[in-house]
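Have a look at the structure below, then the notes.
The values are calculated or read from the model by the stated rules, or taken from the named source; none is laboratory data. Only a predicted model underlies this, so the values are computations on that prediction, with no experimental measurement involved. No Cβ is skipped: glycine too gets one built from the backbone with ideal geometry, and neighbour counts run over all protein chains shown.
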Amino acid sequence: MDSEHFNPGLSVADLFRRWPSAVPVFLSHHLSCVGCPMNSFDTLQDVVQIYCLDAPRFFTDLEQALQPLPFTQPAPQPLEKGKPCMPDFVYFEDIVKESPVPPAESIVSRSVLVDKPVKAILFSFAQGQELSEHTASVPAMIQILEGEAHLTLGTAEMEAGPGAWAYMEPNLPHSLLARTPVKMLLLMLR
């Protein structure tokens with residue numbers, strides 16, 4: 001991670017704005033900073049001190065979550081008038097292999113597609129880790145790629161394994177508990 005952009009003096013709100021993939025790290029450390037009105041004032045160092053966190057582990061988890069993923073894209077072609085400058089597609093031969101490996105007792109996420117009508121985020125959960133109940137302001141879809149999880153969508157609870165897929169309307173409360181190590185793809189519609 002480029003230390004000029006990520007440092008302990010950064011406010012939590014700025015971190016979330018610049019790197020939404022940091023949110024699961026806070027949730028995995030059982031921090032209530034997501035949605036807290038103080039997150040505009042508290043720095044990352046403040047969070048470490050207030051919650052008595054293991055600073056090296058917390059910052060390592062953040063750094064892993066904020067690393068961009070490499071992806072395969074088409075070879076550069078000469079620009080043609082009227083054609084977009086961005087590639088028309090993003091391709092992963094095996095997206096499961098792109099999933100980050102979480103440290104023990106952690107959740108790690110990586111954005112694999114941003115600035116499009118859909119945001120795609122890969123999550124990796126260590127066994128026993130949980131995303132506590134929360135909501136999203138946009139429609140979202142999840143697909144379990146590997147592992148077994150207990151999934152709560154609204155008031156419905158289910159066991160989800162590889163291939164399980166769910167669509168969620170905005171503001172639907174949902175949570176996930178990893179029964180085994182889990183890899184999941186989250187698609188957020190804009």
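Scan region 123-152 for residues that are part of a loop (DSSP other than H, G, I, E, B) and either closer than 15 Å to Glu105 by Cα or not small (Gly, Ala, Ser) (or both) and jot them down. Once the filter is applied, which keeps residues that are part of a loop (DSSP other than H, G, I, E, B) and either closer than 15 Å to Glu105 by Cα or not small (Gly, Ala, Ser) (or both), region 123-152 yields Ala126, Gln127, Gly128, Gln129, Thr135, Val138, Pro139, Glu148. Residues of region 24-72 that are free of Cβ contacts under 8 Å to residues at least 60 places away in the same chain and of a type in the set (Val, Ile, Thr): Thr43, Val47, Val48, Ile50, Thr60, Thr72. Report, by residue number, each residue of region 104-134 that is surrounded by 15 or more Cβ atoms within 10 Å (Cβ to Cβ), at pLDDT below 85 and either out of contact with any strand residue (DSSP E or B) (no Cβ under 6 Å at 6 or more places or on another chain) or hydroxyl-bearing (Ser, Thr, Tyr) (or both). If the condition is that a residue be surrounded by 15 or more Cβ atoms within 10 Å (Cβ to Cβ), at pLDDT below 85 and either out of contact with any strand residue (DSSP E or B) (no Cβ under 6 Å at 6 or more places or on another chain) or hydroxyl-bearing (Ser, Thr, Tyr) (or both), then Ser109, Ser111 are the ones that fit. Scanning region 153-176 for residues that are surrounded by fewer than 18 Cβ atoms within 10 Å (Cβ to Cβ) and not in a loop (DSSP other than H, G, I, E, B) yields Ala156, Glu157, Met158, Glu159, Trp165, Ala166, Tyr167, Ser175. A Cβ distance below 7 Å, combined with a sequence gap of six or more or placement on separate chains, defines the contacts here; from region 102-118, residues that are of a type in the set (D, E, K, R) reach residues that are at pLDDT below 80 in the pairs Arg110/Gln67; Arg110/Leu69; Arg110/Pro100.
Of the helices (runs of 4 or more DSSP H) lying entirely inside region 1-82, none contains at least 3 residues that are among the hydrophobic types (A, V, I, L, M, F, W, C), modelled with pLDDT under 80 and more than 22 Å from Val101 (Cβ to Cβ).
Evaluated against (1) touching an Asp or Glu at 6+ places or on another chain (Cβ under 8 Å); (2) more than 22 Å from Ile121 (Cβ to Cβ), Cys33 falls short on exactly one condition, (2).
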